[in-house]
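Readers should treat all values here as calculations from the given coordinates under stated rules, not as data from a laboratory. Since the structure is predicted, the reported quantities are computational estimates derived from the model, not experimental observations. Here the Cβ positions follow ideal geometry from the backbone for every residue, glycine too, while neighbour counts run over all protein chains shown.
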Amino acid sequence: MNPLKPALLLAFSALALAGYVTVNAQTSGGDKGACYVHLFDGKNYKDDNIVVKGPGEYADLKSLPGSDKDWDDEADSFESGPNTTVTFYSKPNFGGKAVTYRGGAKKPHIDEPRSMKISCK
């Protein structure tokens, strides 16, 4: 084994734990058949983020799968997979104004959603 590999892995892990690197099990990009929504807590794809795999319906964003953060009224930007349709709602329980995006959408600024539905092709 190359002696640099363990050192690089340790360094990368330390950066991830310190919050300098975001690690997601699912990534936005590579898989052409991917169905996901990648939410960001800041405009222009910045700050805290989470990848939510579809399909799924979330009547509120308080406890998204794999998150320890309350995403209710927090997402400021997003991108979605190429085979994804996502509808964001301005109120919990799929109420209020609904906005739908299809196939590989990227929005650097959105009105913070309170619920969402993700469907896949």
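Taking a cut-off of 23 Å, what percent of all Cα-Cα pairs in segment 25-120 are separated by more than that? The partial results should precede the final answer.
Details: 480 of 4560 pairs.
The calculated P(r) of segment 25-120 puts 11 percent of pairs beyond 23 Å.
Can you work out the Karplus-derived ³J(HN,Hα) for every residue in segment 98-112? Use 6.51 cos²θ - 1.76 cosθ + 1.60 with θ = phi - 60°, whole Hz, and x for glycine or proline.
10, 10, 10, 10, 10, x, x, 5, 9, 10, x, 8, 9, 5, 4
Once the Cβ-Cβ distance between Ala98 and Lys46 is put in as r, and R0 is 22 Å, what FRET efficiency do you end up with, to the nearest 0.05? Mind showing how you got there, number by number?
Details: r = 26 Å, r/R0 = 1.16.
My answer for the efficiency is 0.30.
For the residue pair Lys121 and Ala59, what label-to-label distance in nm results when each label sits 7 Å from Cα along the Cα-to-beta-carbon direction?
3.2 nm
Take Asp73, project a point 7 Å from its Cα along the Cβ direction, then tell me which residues of segment 85-111 have their backbone nitrogen under 13 Å from it.
In segment 85-111, the label zone of Asp73 (backbone N under 13 Å from the point 7 Å along Cα→Cβ) covers 90-92.
Output wanted: per-residue J couplings in Hz (rounded whole) for segment 39-54, from phi through Karplus 6.51 cos²θ - 1.76 cosθ + 1.60, θ = phi - 60°, x for Gly and Pro.
9, 10, 7, x, 5, 6, 6, 10, 6, 4, 8, 8, 9, 10, 6, x
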